[in-house]
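Here the structure is laid out as structure tokens; the discussion comes afterwards.
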Amino acid sequence: MTFLELVHMDAKLIWDGEAHRARSITKAERFSSFSDYDTRAISDFKPSHIHRFFDSLAEQGLSNNTINHYGAMIVKVFSHAVSEEHISHVPKFKYRKVKGNKRPLYFTKSQIDLMSSYFRNSADFRDLEFYLIIGIHTGMRIGEIRSINESTLVIDETGGYSVYLADTKNGDSRTVPINDEALRAIRKLGTDVSKNWNSKLFYRGWKHMRRAVLNNDSRYTFHTTRHTCATTLANSGAYNTDIIGKFLGHRDLNTTRKYIKTAPETLRSMAELMRGERSKTITPLQAKQTDLFGLEI
């Protein structure tokens, strides 16, 4: 049995969630297309085979962080092969070293303003402002945003709009509340977001914006909007990590903690609080989520 044969046979046992499974299968197909890996028996893989594949990915310009995502997929498949007794052990390969946190950032208010302005004034990439707004206000992944349509955009029990996500990255379903700013951005995209989605245009526009506004810092990806959402909610002082994790759809609070960064203003407010002054930067508990981000369209 080959690596890919096992993947195609047992994909539903290996990965939960249709979207996550599809991404993992794509990675598995890329791994199997390297060298003679499409015909090599799964029992014949050694760590050196995986290291050679990693080298080829690096030569194609992939970052060590992205290469390690392939490593996670490989471990998952080989671990399943062990549990099914097709092989006796998982090849003990080495992951690529990643210096520091590849995504330690969040977008500041001034950065958001500059990004929004860039997209708004661009003839080709104007719609990216609306994706940006939705991502920051909801913490939704780009794939989740693309799933928004008339059937997934619903009125929830509070009387407000929410997006129902039947299949998320971790395999769980969840309902994401939508505030007025995000709803306006969704409507600007035409409600059925996937209908007008253009992958090449989106990523080209993001690349151009990053070069123009963010010093071409590759750590700023669209996923940074998710970090921004978590960080803004946490630094408001209104919500604890458990609630923020539920908002983002995290199973593990350790993941949520990695998303949250401490804003300098929050540290300053703590210093002022210690000398008996009420912080001016902590948002009141009754503040709306729209007030936290201060975006306008």
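The values are calculated or read from the model by the stated rules, or taken from the named source; none is laboratory data. Being a predicted model, the structure only gives us computed values, none of them experimental. Please note: Cβ atoms are built from the backbone with ideal geometry, for glycine as well, and neighbour counts cover all protein chains shown. Areas reflect the complete protein model, heavy atoms only, side chains present, ligands, DNA and RNA absent. Shrake-Rupley method; radii C 1.70, N 1.55, O 1.52, S 1.80 Å.
Quick one: of 94/246; 76/169; 97/261, which pairs are farther than 27 Å apart, Cα to Cα? The answer is 94/246.
Could you list the residues of segment 213-248 with an amide nitrogen less than 16 Å from a label point located 7 Å from the Cα of residue 273 in the Cα-to-C-beta direction? What the label zone holds, given the 16 Å backbone N cut-off, is 232-241. For residue 154 and residue 48, a Förster radius of 41 Å and the Cβ-Cβ distance give a FRET efficiency of 0.20, rounded to the nearest 0.05.
Please find the FRET efficiency linking residue 38 to residue 10, where r is the Cβ-Cβ separation and R0 is fixed at 22 Å, and quote it to the nearest 0.05. Let's see the in-between values first.
Values: r = 17 Å, r/R0 = 0.79.
That gives a FRET efficiency of 0.80.
The charge dipole of the chain, taken about its Cα centre with unit charges on the Cβ of Lys, Arg, Asp and Glu (plus for the first two, minus for the last two), comes to roughly 1120 debye. At an R0 of 22 angstrom, the distance between the Cβ atoms of residue 58 and residue 223 translates into a FRET efficiency of 0.55.
Surface exposure of the chain, expressed per residue as accessible area with a 1.4 Å probe, stands at 55 Å².
Computed from phi, the 3J(HN,Hα) profile of segment 146-154 under the Karplus parametrisation 6.51, -1.76, 1.60 (θ = phi - 60°) reads 5, 7, 5, 8, 5, 8, 8, 8, 10 Hz, with x in place of Gly and Pro. By the helix-only formula, in which each DSSP H run with n ≥ 4 contributes -39500 (n - 2.57) and the sum is divided by residues, the chain has a 222 nm mean residue ellipticity of -16000 deg cm²/dmol.
Placing +1 on the Cβ of every Lys and Arg and -1 on the Cβ of every Asp and Glu, with nothing else charged, gives segment 1-89 a dipole about its Cα centre of roughly 220 debye. Ligands, DNA and RNA left out, the 1.4 Å accessible surface of segment 152-202 is 46% carbon and sulfur atoms. Just checking my list (i) 34, 28, 13; (ii) 38, 22, 20; (iii) 33, 21, 19 against semi-axes √(5λ) of the Cα gyration tensor in Å computed from this structure; which label fits? Checked against the structure: label (ii).
Between residue 211 and residue 108, the contour length at 0.36 nm per residue exceeds the Cα-Cα span by 35.4 nm.
Ranking 163, 90, 132 by Cα position along the charge dipole of segment 81-172, where only Lys, Arg, Asp and Glu carry charges on their C-beta atoms, puts 90 farthest toward the positive end. When 210, 219, 187 are compared by accessible area at a 1.4 angstrom probe, the order from most to least is 187, 219, 210.
Placing pseudo-labels 7 Å out from each Cα toward the beta carbon at residue 86 and residue 166 gives an inter-label distance of 2.9 nm.
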